[in-house]
């Protein structure tokens with residue numbers, strides 16, 4: 001406004017003195033303004049470290065873990081003022097699996113199983129795919145339902161059952177679970193075939209499968225797959241996409257174990273990472 005009006009005219013219109021105006025200009029920022037400035041610096045740093053994945057809720061949780069107590073609405077306001085936002089969740093669109101095969105279908109034991117009270121009563125499994133410039137990559141994942149921790153994964157260039165078996169064997173090696181663990185998946189041939197059922201039986205595990213055409217029966221795993229697509233694949237696509245299946249596999253592995261398991265704060269776990277949730281509860 002000073003470019004359009006003289007200081008005297010502005011002071012007269014606002015009913016302030018010229019000395020009062022000069023004193024206001026020389027006044028140091030308020031304590032809250034100074035705190036906001038420092039807090040916005042912290043917010044920018046957290047947002048950058050997590051590659052733009054974090055919005056106000058997770059930034060709020062991260063600051064709380066550092067001993068900084070601020071309201072979530074304040075974090076959201078400063079995030080907006082900085083022109084930043086977290087990656088928004090896309091609407092959940094369930095996908096079904098082609099179960100047109102002659103292999104036996106296991107019953108949905110998960111539906112009647114009590115919620116897990118610790119690691120290893122229930123594992124959930126699924127298979128997803130990623131487009132690259134040189135062809136598709138297929139990724140098999142196994143999650144511990146209790147902590148949402150990814151405990152087995154493998155990637156391959158086809159939908160062959162070997163990829164699913166490799167993920168299962170990794171989980172068995174890492175966890176060495178007790179007899180009676182429930183392994184829940186969809187009805188795909190990769191989970192119903194003889195070799196997969198034999199590995200489960202040898203390990204003393206019980207097979208469970210979702211109802212036909214109902215991916216909500218495996219909601220936790222479907223949620224992880226959607227999160228991976230949003231926080232891993234979409235970021236890669238924004239940078240030009242994956243050139244090769246090997247590059248996509250390396251990106252998934254870097255996201256799954258070091259980041260998702262150890263760093264990313266999970267809303268269903270009280271904004272703890274899966275690893276911290278297992279450690280703190282047990």
* **Cβ pairs under 7 Å, 6+ apart, first in the range 229-249 and on the phi > 0 side of the Ramachandran plot and surrounded by fewer than 19 Cβ atoms within 10 Å (Cβ to Cβ), second at pLDDT 95 or above and part of a loop (DSSP other than H, G, I, E, B)** => 241/133
* Every residue from the range 139-159 that is in contact (Cβ under 8 Å) with a residue 24 or more places away in the chain and more than 24 Å from residue 109 (Cα to Cα) -> 139, 155, 157, 159
* Search the range 112-143 for residues being closer than 20 Å to residue 206 by Cβ and more than 24 Å from the chain's Cα centre (by Cα), and hand back the single one that is surrounded by the most Cβ atoms within 10 Å (Cβ to Cβ). => 113
* Go through the range 264-282 and count every residue that is surrounded by 15 or more Cβ atoms within 10 Å (Cβ to Cβ) and touching a residue at least 24 places away in the same chain (Cβ under 8 Å). => 9
* Asked: Applying the selection to the range 42-65, what residues are under 21 Å from residue 251 (Cβ atoms) and part of a loop (DSSP other than H, G, I, E, B)?
  -> 50, 51, 52, 53, 54
* Structure fact -> Sole miss for residue 146 among (1) part of a loop (DSSP other than H, G, I, E, B); (2) surrounded by fewer than 19 Cβ atoms within 10 Å (Cβ to Cβ) is condition (2)
* Determine which single condition residue 268 fails, assuming it passes every other condition in (1) at pLDDT 95 or above; (2) under 16 Å from residue 223 (Cβ atoms); (3) part of a helix (DSSP H, G or I). => (1)
* Residue list for the range 77-100, filter: exposed (fewer than 14 other Cβ atoms within 10 Å of the Cβ), modelled with pLDDT of 65 or more, touching a helix residue (DSSP H, G or I) at 6+ places or on another chain (Cβ under 9 Å) and part of a loop (DSSP other than H, G, I, E, B) -> 82, 88, 100
* To do: Would you check if there is a residue in the range 160-176 being assigned to a loop (DSSP other than H, G, I, E, B), more than 21 Å from the chain's Cα centre (by Cα) and more than 20 Å from residue 248 (Cα to Cα)?
  => yes
* **Filter result (in a loop (DSSP other than H, G, I, E, B) and either surrounded by 19 or more Cβ atoms within 10 Å (Cβ to Cβ) or touching a strand residue (DSSP E or B) at 6+ places or on another chain (Cβ under 9 Å) (or both)) within the range 184-222** => 186, 187, 188, 203, 205, 210
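The values are calculated or read from the model by the stated rules, or taken from the named source; none is laboratory data. Every value quoted in this text rests on a predicted model; they were computed, and no experiment measured them. Positions of Cβ are backbone-derived with ideal geometry, glycine not excepted, and every protein chain shown enters the neighbour counts.
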